[in-house]
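Novice: Take this structure first; my questions come after.
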Amino acid sequence: MTNTTTAPRDAMLVCANGHVITDRLRARPDLRLARCDRCGAATVDRCRTCGYELPGAGSVPGYETVGASRPPDACPGCGAAFPWARADRPPGEDAIDRLDALLRRLPRVARELGRQRNPLSVRDDRDLDDLVRALLPVAFDDVRPEARTPLYARTTRTALYLADEGVVVVAHLVRPGVTEADLAARWEADVSEYTARGRAVVFFVHDPERRLPDPERLEATWSRETEGPEVYCVIAT
């Protein structure tokens, strides 16, 4: 069934990740895109289950609407959930689960890349930053690198901010000379800096030589769920 309402509303064009391309599609058909110019996802202007047109901006004679409406989470016609329904929720289990799965596979990715004709070697924290930065777009659309020089580092480091999820990922490599106490100090500095900005933090530790004696305990110690920004720790070997 296709929506044939005569209500004075325009139509909306939205990508599968919930980015509104336009809520004035009928008035501005020139704005139609096959794919989102922000994330590349395919666009839709109606429910794929029942064909109900996505309601856009209201129409007032003599005036033009300013700004864009938010897309509905479910179809007004049949109630089917749209694929972007969870995109605007605060960071929670879905985003953290995807991050957890991705980061725990990073050591395997590093080993495979190390076997190539031009092998990749993760020798220091900056190499690790580069590898994490390359992997995150596999699962997340809007990954924003942020240069920083924390007190515990002699050189510039890169934190990766997942803008849609409100999560920042900070990565640390365990190598000779890096102790549990060193990592605890880094954890405290990272958590203090980023939770103060209202961001959830994923504290990622890559321990390829299994130098940490009890990673499960450390993951539990360095993960924190509170009413404010949450903190998660992933230690991968």
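Every read-out reported here was derived from the displayed coordinates using simple, explicitly stated rules and does not represent laboratory data. Note that the structure is a prediction, hence the values are computed from the model and not measured. Please note: Cβ atoms are built from the backbone with ideal geometry, for glycine as well, and neighbour counts cover all protein chains shown.
Novice: Given Cβ point charges of +1 (Lys, Arg) and -1 (Asp, Glu) and nothing else, what value in debye, to the nearest 20, does the dipole of segment 93-236 about its Cα centre take?
Specialist: 820 debye
Novice: I want the local charge near A196. Using Cβ-Cβ distances under 13 Å, sum +1 for each Lys or Arg and -1 for each Asp or Glu among the other residues.
Specialist: Neighbour charge sum, excluding A196 itself: -1.
Novice: Between the DSSP loop rule and a limit of at most 13 other Cβ atoms within 10 Å, which trypsin sites (Lys or Arg not before Pro) in segment 163-224 are left?
Specialist: Here the sparse-neighbourhood loop sites are R197, R210.
Novice: Using a Förster distance of 45 angstrom, determine the FRET efficiency expected from the C-beta separation of L31 and T156, and round it to 0.05.
Specialist: 0.65
Novice: Continuing with this model, one more query. Rounded to two decimals, what is the ratio between the C-alpha radius of gyration of segment 8-59 and 2.2 N^0.38 Å?
Specialist: Against the empirical 2.2 N^0.38 Å value, I get 1.05 for segment 8-59.
Novice: Measure nothing but the geometry: give the 0 to 90° angle between the long axis through the Cα atoms of 180-195 and the longest principal axis through the Cα atoms of the chain, rounded to 10°.
Specialist: 20 degrees
Novice: Which length gain, in nm to one decimal place, applies between A189 and E227 when the Cα-Cα distance is subtracted from 0.36 nm times their residue separation?
Specialist: 11.7 nm
Novice: Of all beta bridges DSSP finds with both residues in segment 93-236, what is the antiparallel percent, to the nearest 5?
Specialist: 45 percent
Novice: Could you list I96, I235 in order of exposure, starting from the residue whose Cβ has the fewest other Cβ atoms within 10 Å?
Specialist: Least to most surrounded, the residues fall as I96, I235.
Novice: Separate question: How charged is the neighbourhood of G40? Take every other residue with its Cβ under 15 Å from the Cβ of G40, and add Lys/Arg as +1 and Asp/Glu as -1.
Specialist: Spelling it out: positives minus negatives among the neighbours equals -2.
Novice: Pull out the extension gain between A163 and A139, defined as 0.36 nm times the separation in residues minus the alpha carbon to alpha carbon distance; nm, one decimal.
Specialist: Result for the pair: 7.4 nm of gain on full extension.
Novice: Let me ask something else about it. Once you keep just the Cα pairs under 8 angstrom separated by 6 or more residues, what percentage relative contact order results for the chain?
Specialist: Taking the mean separation of contacting Cα pairs over the length of the chain, I get 13 percent.
Novice: Calculated FRET efficiency, A196 and A81, Cβ-Cβ r, R0 41 Å, to nearest 0.05?
Specialist: 0.75
Novice: Further question on the same structure: I235's amide H: which non-local residues (gap 5+, or another chain) put their own amide H closer than 5 Å, with H modeled 1.01 Å from N in plane and none for Pro or chain starts?
Specialist: HN-HN under 5 Å from I235: V205.
Novice: Moving on. Can you list residues from other chains, or at least 5 along the same chain, whose modelled amide H is less than 5 Å from the amide H of A41?
Specialist: C36
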